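Worksheet: the structure to be examined is printed underneath.
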Amino acid sequence: MRIVNAVKAVVVVGLILLTGNAASAFDDASIVRATRVDGAVTLDGAPLKEGTVITRDAKVEAPANAAAVLTWSNGSMVELYPGSSLVLRGVIFEADRKLEKSLLALEKGRVFVKAQVPEHLFAHFEISVGGTPFMSQGAEFALRTDGSGKEFSLWSLLGVVVTERQGARIRVNEGEQLVLSAAGASQPAPMPANTKEALQKTSQRLGGSLLVDEELAPPGGPLVAKIGGVRNRRGNAPYTVKFKALTGGGSGKLKAINWQFGGGAGADGREAEYTFTQGVYVVVLTVEDENGQKASAQMNISVEQDCGC
């Protein structure tokens, strides 16, 4: 495992850093940078400037009337709202599992998180509040605390967020909210429409999502393909996943759609479903249009005994 630090920030020359969803050029732990700073945001008490690398155990504070966006080179993003304080505990990459773990602590305030990595990697994004962990493998969510470490609220916009309370695991599904207080935890419930709309605007402002099935190019030009329909690329064994073939360009009419799930298993058709046992799999989609143009796409699926997701 490798933990991101100041030395690593120096040696990663030529790393592709964008403020959207682009991946690092390497299968390695992300470099975290401040890509937007509005107002008097500080890093360990000193003024934070755009482009600054956020190192292990560094604290970012956004006072009233200030905000910041932190961007991971593998695609994740965190926006700090005014009055927030966040500590980056570390970013770890487990090469054998192709798993990036981002560990943070929210001391006070509110954050919006895009916990995402490219299709060939997996994410474990964990924010602790007063010792309570909030874990995601690729969701978009907002988290708020009053600073006491006892009262906080969670809203899951896309994907699933998992937390633990008094030894019990709570799953907050897409479109749900959860309120935790000193008196106990409420049950996850649908979030209000106006809250969802506000979070969607925040997500759109920060950039596209790897979890959204984007429309591809209209007919004409090269045929392109993408695997869609998958919200969670990690799961507990046995794990059933539904896939959807997204295509664009070409003639606009397909004559062949093929799926390969690994180990010789496969399927045909625009949509497919497969149940995986424990292991890491590369799912390959191949399409061909009526003019003979071909295109392919692939996605990794990880199945574990208990992924905590």
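The values are calculated or read from the model by the stated rules, or taken from the named source; none is laboratory data. These numbers come from a predicted model, not from an experiment. Methodologically, a virtual Cβ is constructed for each residue, glycine included, from the backbone with ideal geometry; neighbour enumeration extends over all protein chains shown.
Observations
- Within the range 95-109, no residue satisfies the criterion of being farther than 17 Å from Thr132 by Cα, out of contact with any His (no Cβ under 9 Å at 6 or more places or on another chain) and either outside any loop (DSSP other than H, G, I, E, B) or modelled with pLDDT of 95 or more (or both).
- Residues that are assigned by TED's automatic domain parsing to the domain that holds Leu99, under 16 Å from Val111 (Cβ atoms) and touching a residue at least 40 places away in the same chain (Cβ under 8 Å) occur in the range 183-197; there is at least one.
- Look at the range 230-257: where a residue is farther than 14 Å from Ala297 by Cβ and at pLDDT 95 or above and a partner is part of a strand (DSSP E or B) and of a type in the set (Ser, Thr, Tyr), sitting 6+ places away or on another chain with Cβ atoms under 6 Å, you get Pro238/Thr275; Thr240/Thr275.
- Among the numbered conditions (1) surrounded by fewer than 19 Cβ atoms within 10 Å (Cβ to Cβ); (2) part of a strand (DSSP E or B), the only one that His120 does not meet is (2).
- Filter pass, Val91 being assigned to a strand (DSSP E or B), touching a Lys or Arg at 6+ places or on another chain (Cβ under 8 Å) and at pLDDT 95 or above: yes
- One residue stands out among those in the range 129-157 that are surrounded by fewer than 23 Cβ atoms within 10 Å (Cβ to Cβ) and of a type in the set (Asp, Glu): the one that is nearest to Met191 (Cα to Cα), which is Glu151.
- Counted residues, the range 262-280 - those being free of Cβ contacts under 8 Å to residues at least 24 places away in the same chain and closer than 20 Å to Lys98 by Cα: 2
- In the set Ser209, Ser203, only one residue is part of a loop (DSSP other than H, G, I, E, B), buried (at least 17 other Cβ atoms within 10 Å of the Cβ) and touching a Ser or Thr at 6+ places or on another chain (Cβ under 7 Å); that residue is Ser209.
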